[in-house]
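The values are calculated or read from the model by the stated rules, or taken from the named source; none is laboratory data. As the structure is a computational prediction, the values presented were derived from the model and not from experiment. Because the Cβ atoms are built from the backbone with ideal geometry, glycine has one as well, and the counts that use them run over all protein chains shown. Note: accessible area is taken over every heavy atom of the protein model, side chains too, but ligands, DNA and RNA are not part of it. Shrake-Rupley method; radii C 1.70, N 1.55, O 1.52, S 1.80 Å.
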Amino acid sequence: MSTESLDLPFYEDSQLRRVLCVVAHPDDMEYGGSAAVARWTAQGVEVSYLLLTAGEAGMRSQDPEDAAEIRAAEQRRACELVGVEDLVILDLPDGMLEPSLDARRQIARRIRQVRPDVVMTQTWDLQVGWGLNHADHRAAGLATLDAVRDADNPWVFRELLEQERLEPWGARELLVFGAAATHLIDISGEPLQRGMASLEAHEQYFAELGGAAGTREMLESMAARQAEPLAGVDHALGVAVHSM
C-alpha cells in the first residue's frame, strides 16, 4: 500500500464476479488486501484465496509443523471475517519460496480451476511502503504474474489440459497491492473494519511480533493518506492494475 497521497481513479469493480487472491503466507492478504475483499464479498463477488506456503517458518517459538497448523487456523478465521469460503494452502517452503516452474504450475492450475475475472497478488518490488520487501513476497508476486499468462496458454504446462482436463483461462486483469498505485479501491467503513478484524485474527502469530496494534495503526494511516484527496472517502487501498 503506497504511502503517497495521489489523485487516482477508482477501480471499476461493479461487474466483478470472481476473484482469486494469491499470496505467500497466512496474514499477507491482511496487509490491506482483505479490506478490498470485504468490499467485494459484500457485493456478492466470489473470492478465493491461494496461499503458496503455510507460513511454517514464521514463529520462532513454535516447531514449523505446529506453526503451520496455528497459522492455517488463524487464516481460516481471517477468511470468515471477510466472507471468503474458498481457501487453499499449498506446501511450498516458507522462507525459501521461488518463482519456479512448479510454483507457476500450481498457481496456473488454481486459476484454471477458479476461472477468475481478476487475480490479486502482492508486490514483487524490493522496496515497499513499510521497508524492504520479504523474499517470499517478491517470489509470490512474480510467480503469480507469470502464472496468469501460463493459465491462458494451452502450450504451457500441457498436462493441465491433457491430463487434468483444465481448459485455459484468461483473467482479465492482475491487481497488485503494495505497489505504486494506478487506481484506488474505496475501503471506507465496514470493509476497513472487517479487514482490520481479519488482521487481528492472526492472534498467535502477531503475539510473536509484539502484537497487531502497530500494524493496524500503520495500515489505517496509510489507507487514510491514500483517501485524502477524495471527497466522501475516508480510507482507500491503492492497487496497480495490469490488463492481461
Hey, any hits in segment 85-93 for a residue that's open to solvent by 50 Å² or more (accessible area, probe 1.4 Å) and farther than 30 Å from L161 by Cα?
no
Near pairs, Cβ below 6 angstrom, 6+ apart or cross-chain, from segment 104-122 (in contact (Cβ under 8 Å) with a residue 12 or more places away in the chain and closer than 14 Å to A139 by Cβ) to any residue that is buried (at least 20 other Cβ atoms within 10 Å of the Cβ) and among the acidic types (D, E):
R104/D150; Q122/D28
Give the residues of segment 105-142 that are open to solvent by less than 40 Å² (accessible area, probe 1.4 Å), of a type outside the set (D, E, K, R) and outside any helix (DSSP H, G or I), sorted by residue number.
P116, V118, V119, M120, T121, Q122, T123, V128, G131, N133
Pick out the one residue from M244, M222 that is within 22 Å of A78 (Cα to Cα), of a type outside the set (D, E, K, R) and touching a residue at least 12 places away in the same chain (Cβ under 8 Å).
M222
Heads up, the strands (runs of 3 or more DSSP E) in segment 145-244 (entirely inside) with at least 3 residues that are more than 20 Å from W40 (Cβ to Cβ), open to solvent by less than 30 Å² (accessible area, probe 1.4 Å) and not hydrophobic (A, V, I, L, M, F, W, C) are none
Sort through R39, R76 and tell me the only one that's open to solvent by 10 Å² or more (accessible area, probe 1.4 Å), of a type outside the set (V, I, T), out of contact with any helix residue (DSSP H, G or I) (no Cβ under 7 Å at 6 or more places or on another chain) and assigned to a helix (DSSP H, G or I).
R76
Filtered residues of segment 94-104 (kept if outside any loop (DSSP other than H, G, I, E, B) and open to solvent by 70 Å² or more (accessible area, probe 1.4 Å)):
L101
Out of the residues in segment 178-208 meeting the condition of being farther than 15 Å from Y31 by Cα and out of contact with any strand residue (DSSP E or B) (no Cβ under 9 Å at 6 or more places or on another chain), tell me which one is modelled with the lowest pLDDT.
E208
Could you list, in sequence order, all residues of segment 42-73 that are without any contact (Cβ under 8 Å) to a residue 60 or more places away in the chain, open to solvent by less than 30 Å² (accessible area, probe 1.4 Å) and part of a loop (DSSP other than H, G, I, E, B)?
V45, A54
